[in-house]
Amino acid sequence: MKKRFSHISPIVVAVGIGAGVSAGILFTLSRQGTAPAMTLAYLSPLPIMIAMLGFGPFAGVASAIIASLTVGALVIPQNLHAWTWGLDTAALTGLIFAMSLGLPALGLGFLAALSRPKGSSSWSITTTVGRSFSRDYAPVERILATAVAICSAITVAVTIYFSVQHGGPRAAFADAVAKVTPLIESVAGADLPAGLKLEDVAQLIVRAAAPLAAASSVLMLVLNLYLAGRAVEVSGRLPRPWPDIPRELGLPRSFAAAFVIAVAVCFIGGFTAYIAAIVAAALAMGFALQGLAVMHFLSRGAKYRTPMLAAIYIGVFYLMRYGFPILLFVLIGLVDAAFALRERKVKSALSASEIKSKDHV
């Protein structure tokens with residue numbers, strides 16, 4: 001056992017501890033409920049991913065464990081009047097963080113660091129020394145597919161758990177609506193449009209909560225992994241060449257079929273339809289990211305590429321509340337999954353270059 005950990009440097013240990021504490025603090029900021037606090041909480045997986053990508057599995061695992069303990073420890077002081085209950089709450093909160101963010105962040109970072117010699121079937125964690133184009137690295141497509149699968153599974157599991165805890169989906173839904181209604185009333189009050197009841201708004205929010213959570217989780221994990229990769233790359237510790245994201249980011253074609261099936265099941269109604277909506281939302285976010293990557297790739301070489309992309313991002317930001325940009329990118333992503341738009345452009349470019357070379361000869 002001593003030999004196993006003897007090669008671990010104090011820097012790796014310090015990074016694991018520091019990243020874990022940072023992630024735990026960022027996560028607990030969400031309790032404040034303010035916009036800046038929620039934005040920082042959105043970055044809570046980032047330190048874990050940086051530790052995993054830049055300093056290896058020990059730092060990554062240590063940061064995930066320390067982060068979960070930190071989250072639990074920061075909950076205890078708020079419950080000193082009921083010490084036993086406070087410990088239970090702290091343990092549950094730490095476990096929730098570990099299962100919903102800690103392990104997914106660790107898993108995606110681990111996957112991004114995997115590589116193997118070309119022609120080999122044995123995958124291993126790449127070191128900075130091992131960065132080479134003579135190695136195969138985990139495809140970006142697999143990383144995005146894993147993120148979608150993880151977020152779908154976690155959200156579905158949590159939804160089923162709450163349903164069972166309340167004695168069934170109907171009871172769980174009614175209880176959630178009863179808890180959300182006073183919150184909406186305190187925020188909106190009498191400012192609701194005419195003909196719109198408070199309970200109707202509460203029901204809409206509760207119905208949309210789990211699918212939105214699944215979709216936003218996909219975006220959160222992918223965005224944090226991108227930021228972690230960039231941060232580690234700047235430090236010179238990224239254990240793989242930087243991928244061509246506009247060309248490689250996407251989901252397998254089978255996921256497009258799964259999305260169509262999930263959307264179809266949504267029209268059946270009942271609890272099964274709600275579970276299908278969660279899966280469809282996570283897949284939709286994955287395909288929206290693919291659609292955005294397609295726009296970046298297909299616009300390469302265009303004269304007004306930068307202003308066009310800037311206009312797209314500004315439009316997404318301002319029209320996000322209507323959902324239109326997301327649906328457009330989902331459609332582009334699905335078309336790319338079905339017809340390989342990016343590969344068609346690559347092949348046409350190669351054909352054009354071959355024709356030019358023949359003309360010169």
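All of the numbers you see were taken from the coordinates with simple rules; none came from a lab. Treat the numbers as computed from the prediction; the structure is a model and nothing was measured. So basically every Cβ, Gly included, is an ideal-geometry build from the backbone, and we count neighbours across all protein chains shown.
Just want to confirm a number: the relative contact order over the chain, from Cα pairs under 8 angstrom separated by 6+ residues, in percent.
Rounded, it is 15 percent for the chain.
So who's got an amide H within less than 5 Å of the one on Ala340, skipping anything under 5 residues away but keeping other chains? H placed 1.01 Å off N, in plane.
Hits under the 5 Å cutoff: none.
Based only on other Cβ atoms within 10 Å, what is the fewest-to-most ordering of Tyr318, Tyr226, Tyr274?
Least crowded to most crowded, the residues run Tyr318, Tyr226, Tyr274.
Using only the alpha-carbon atoms of the chain as identical scatterers, what base-10 log of I(q)/I(0) does the Debye formula give at q = 0.06, 0.08, 0.15 Å⁻¹?
Calculated log10 I(q)/I(0) at the listed q: -0.28, -0.49, -1.48.
Using the Cα atoms of the stretch 215-283, I'd like the radius of gyration and the largest Cα-Cα distance, Dmax, both in angstrom.
16.7, 52
Taking other Cβ within 10 Å of each residue's Cβ, how do Val148, Val13, Val294 sort, fewest first?
Taking fewest neighbouring Cβ atoms as first place, the list is Val13, Val294, Val148.
Just the Cα atoms of the stretch 164-251, one point each, no solvent: what log10 I(q)/I(0) does Debye give at q = 0.17, 0.24, 0.26 Å⁻¹?
-0.80, -1.21, -1.28
Treat the count of other C-beta atoms within 10 Å as a stand-in for reagent exposure and order Val206, Val71, Val316 from fewest to most.
Lowest to highest Cβ neighbour count: Val316, Val206, Val71.
For the peptides 299-311, 105-117, 55-67, 330-342, what is the packing order when you average, over each peptide's residues, the other Cβ atoms within 10 Å and list the highest mean first?
For the peptides 299-311, 105-117, 55-67, 330-342, the packing ranking is 55-67, 105-117, 330-342, 299-311.
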